[in-house]
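Asker: Handing you a structure now.
Please treat every number below as a calculation from the coordinates, not as lab data. Since the structure is predicted, the reported quantities are computational estimates derived from the model, not experimental observations. Don't worry about glycine lacking a Cβ; one is built from the backbone with ideal geometry, like all the others, and counts go over all protein chains shown.
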Amino acid sequence: MPGLGHGFSIADLYQRESLVRLDGMFLRRLQEANPDLHQSLLKARSQPDQVTRPLTSEIAVGLGPVLDGFLAELLQPLALMLDVPGILAPRGDRQALRQEKVARVAVLHFH
């Protein structure tokens, strides 16, 4: 079975123990990147009845860049195996790749 980044396998994604370990790795990454957001997420998890919609949105938006990088690292070995280079590029480069693809499709469509 193909391996994933961070020492995980696809089979690990079906095991609670492995998911808890993966979550812990992400939380450590989040704490390093944004300690305030890390604390907000932990508080929201421990007191879900106190979480407002605006807070949920704030946390979700804040998590985006950190989660983006973390998932790219997790999926990198699989992307290499499947030859999907765009997933390996930094976020800004992936946006540029998408724009380039849209431009190519537009050129093909209108010619």
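Asker: Can you sort VAL51, VAL20 so the residue with the fewest Cβ neighbours within 10 Å comes first?
Answerer: Fewest-to-most ranking of VAL51, VAL20: VAL20, VAL51.
Asker: Pull up all non-local amide H partners of SER9: gap of 5 or more, or a different chain, and H-to-H distance under 5 Å with H placed in the peptide plane.
Answerer: LEU4
Asker: Given a cut-off of under 8 Å on Cα pairs at least six residues apart, what relative contact order in percent is computed for segment 5-84?
Answerer: Relative contact order comes out at 40 percent.
Asker: Looking at segment 1-54, which chymotrypsin sites (Phe, Trp or Tyr not before Pro) are DSSP coil and have at most 13 other C-beta atoms within 10 Å of their C-beta?
Answerer: Sparse-neighbourhood loop chymotrypsin sites (Phe, Trp or Tyr not before Pro): none present.
Asker: Output ³J(HN,Hα) for segment 43-57: one whole-Hz value per residue in order, computed from phi by the Karplus curve 6.51 cos²θ - 1.76 cosθ + 1.60 with θ = phi - 60°, and x for Gly and Pro.
Answerer: Result, ordered by residue: 5, 5, 5, 7, 10, x, 6, 9, 8, 8, 4, x, 5, 4, 5 Hz.
Asker: Here's something else I'd like to know. Could you put SER9, SER57, SER40 in order, starting from the residue whose Cβ has the fewest other Cβ atoms within 10 Å?
Answerer: Going from least to most buried by this count: SER57, SER9, SER40.
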